[in-house]
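Below is one structure, written out as structure tokens; comments come after it.
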Amino acid sequence: MQVIPPALERLINTLAGLPGIGEKTAMRLALTILRRPPAAALELAAALSALHTSIQLCSGCFTFSETDPCAVCADQRRDGGLICVVEQPADLLAIEKTGVYNGHYHILHGVLSPIDGIGPEEIKVRELIARIENGTAREILIATSSTVPGEATASYLIDRLQSKKVKLTRLACGIPMGMDIKYADKYTLAKAIESRGQATEKS
Ligand SMILES: [Zn+2]
């Protein structure tokens with residue numbers, strides 16, 4: 001006997017596939033949507049279907065954007081010679097909130113994680129190297145998180161970029177070990193950017 005109507009079950013299963021949402025939460029969300037007026041569900045559906053049609057990756061920094069280049073890459077007042085390398089678009093937003101950074105970004109879209117089968121080809125490393133070789137970058141600020149995969153990614157990048165004619169820097173102290181930078185408060189993150197240090201392979 002089918003207890004849950006198939007249409008409801010489909011929504012529950014889809015929601016439960018999202019990170020941080022278990023089956024109970026998915027059920028609660030689905031029932032909430034069902035109890036609300038149909039127009040609210042349609043608005044949610046419209047917002048979801050507009051995601052992929054109106055948002056793309058910026059061809060400069062690879063952040064999510066409705067325009068290409070994105071607002072940061074297109075901003076002539078920003079320093080194009082300074083590129084901050086981060087794991088995810090959320091990290092760019094966290095750094096922008098500090099208000100102390102005036103350079104460009106490069107979003108890797110992940111970190112190296114051999115256990116999960118994520119090597120350099122799976123993240124935007126090749127694109128970063130091409131950007132350095134073909135562009136005008138003079139400083140690369142590596143701002144991966146101080147987690148084990150974040151550190152491993154930073155070491156790998158330093159190794160790959162050492163022969164390039166760019167200064168390599170990393171975020172300074174202030175960010176606790178093991179912390180994802182998007183959870184750092186903006187003052188801590190601002191301090192870490194301002195007092196960034198020379199990047200070395202064993203950092
Ligand atoms: Zn961009």
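Values quoted throughout were computed directly from the atomic coordinates according to the rules given, and no laboratory measurement underlies them. All of these numbers come straight from a predicted model, not from anything done at the bench. Cβ coordinates were reconstructed from backbone atoms using ideal geometry, including for glycine residues, and neighbour counts include every protein chain displayed.
Couple of notes before you dig in:
- Lys, Arg +1 and Asp, Glu -1 on Cβ, resulting dipole of the chain about Cα centre, debye, nearest 20: 340 debye
- Calculated Rg and Dmax of the chain using C-alpha coordinates, Å: 20.3, 68
- Using the Cβ of SER145 as centre and a radius below 9 Å, the other residues enclosed give a net charge of -3, where K and R count +1 and D and E count -1.
- For q = 0.19, 0.23 Å⁻¹, Debye-computed log10 I/I(0) when each Cα of region 43-148 counts as one equal scatterer: -1.02, -1.32
- Calculated [θ] (222 nm, deg cm²/dmol) that DSSP helices of n ≥ 4 give over the chain, each run adding -39,500 (n - 2.57): -13000 deg cm²/dmol
- Segment GLU66-ILE4, extension gain: residue separation times 0.36 nm, minus the distance between their alpha carbons: 18.5 nm
- Local electrostatic count at CYS58 - Lys and Arg +1, Asp and Glu -1, tallied over other residues with Cβ under 15 Å: -3
- Residues ASN13 and ASN102, FRET efficiency given R0 of 45 Å [Cβ-Cβ distance, rounded to 0.05]: 0.50
- Note on region 1-77: Rg/Rh from C-alpha atoms, Kirkwood Rh, equals 1.18.
- Treating r as the C-beta distance of GLU122 and THR53 and R0 as 25 Å, the FRET efficiency rounds to 0.50.
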